[in-house]
Amino acid sequence: MWGTLRNSEVGLEDIAYFAPELKRFDNLSVKISGVGSGTVARLSAHDLLVDDGISKLSGSLNMNGLPDINNTFIDFRNGHLRTSGKAALFYAPRLALQRSVNIGSLQSVDFKGNFTGFLTDFVAYGTFVTNLGNLRADLNMKLPKQGRPAYSGSVAATDFDIGTLLYQDYIGTTSFSAELAGSGFNQKTVALKIEGSV
């Protein structure tokens, strides 16, 4: 395949043919621009811009392994994502069930960086500019279907309202730099080691 798209409107019901997890968004359409080539199993795109009306994503993308999205290796470079916590809850409503991170408090999120790996095992690094403050992160996330999620990496922030993000009113705005490693997101089961300064 080879193609150039300019503000093309694509229904997620069509993409769901290759990624069945998207079937629940069959009434949603997105606008896509970019240049792509390859086969379904080895697809690449550059000058990519995706706009679903609540988030915008741009960058260069290579995907190896479709149509099995769970075993597809994704390499996303020079990424720029403009989104919000509301958008995250729309695409991953199960996030609303946890009470460790206040996803809804993120009214605006502007991320610039890279993503490499699988949907359940990836490395992401870059800079987040949010309404709660700015954050630099280099993280490895492992999100198995069974068992606790695990994560490790480094994170740094200046004047970040971490208290609001973590439902901890007594903390307030904080500057920090830390290396972390842990597992679990639930307050009852989380195991976390942090080394750094606050």
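The values are calculated or read from the model by the stated rules, or taken from the named source; none is laboratory data. Worth saying up front: this structure is predicted, and the values here are computed from it rather than measured. Positions of Cβ are generated from backbone atoms using ideal geometry, with glycine treated the same way; all protein chains shown enter the neighbour counts. For accessibility, only protein heavy atoms count, side chains too; no ligands or nucleic acids. Shrake-Rupley method; radii C 1.70, N 1.55, O 1.52, S 1.80 Å.
With the whole protein complex present, residue 13 retains an accessible surface near 110 Å², based on a 1.4 Å probe. Residues considered: 76, 160, 176. Largest GNM mean-square fluctuation over the chain, using C-alpha springs under 10 Å, is found at 176.
Placing a pseudo-label 7 Å from each Cα along the Cα-to-Cβ vector at residue 8 and residue 90 gives an inter-label distance of 2.2 nm. All C-alpha pair distances within the chain, sorted into 10 Å bins from zero, spread as 8, 30, 39, 18, 5, 0 percent across the bins. When Rg and the Kirkwood radius Rh are both evaluated on Cα atoms of segment 50-91, their ratio Rg/Rh stands at 1.03. Here residue 17 and residue 98 are evaluated by their C-beta separation; at R0 = 30 Å the FRET efficiency comes out at 0.45. Could you list, in their original order, any pairs among 23/112; 23/193; 31/193 whose Cα atoms are separated by more than 30 Å? Where the Cα-Cα span goes over 30 Å, the pairs concerned are 23/193; 31/193. When the convex hull of its Cα atoms is viewed from all sides, segment 1-57 shows a mean projected area of 4.0 nm².
Most fluctuating residue of 127, 39, 83 in a GNM of the chain with Cα springs under 10 Å: which is it? Most flexible of the set in this elastic network: 39. Calculated from the alpha-carbon coordinates, segment 99-173 shows an Rg and a Dmax of 13.3, 37 Å respectively. In order along segment 116-127, the Karplus-derived 3J(HN,Hα) couplings, from 6.51 cos²θ - 1.76 cosθ + 1.60 at θ = phi - 60°, round to 9, x, 9, 4, 10, 7, 8, 10, 10, 9, x, 10 Hz, and Gly and Pro are given as x.
The calculated FRET efficiency for the pair residue 71 and residue 46, based on their C-beta separation and a Förster distance of 22 Å, comes to about 0.40. When you restrict to C-alpha pairs under 8 Å that are six or more residues apart and normalise by the size of the chain, the relative contact order lands at 11 percent.
What order do 1, 63 take when sorted by accessible area (1.4 Å probe), most exposed first?
Descending accessible area places them as 1, 63.
The candidates 185, 25, arranged from most to least accessible area with a 1.4 Å probe in the full protein assembly, appear as 185, 25.
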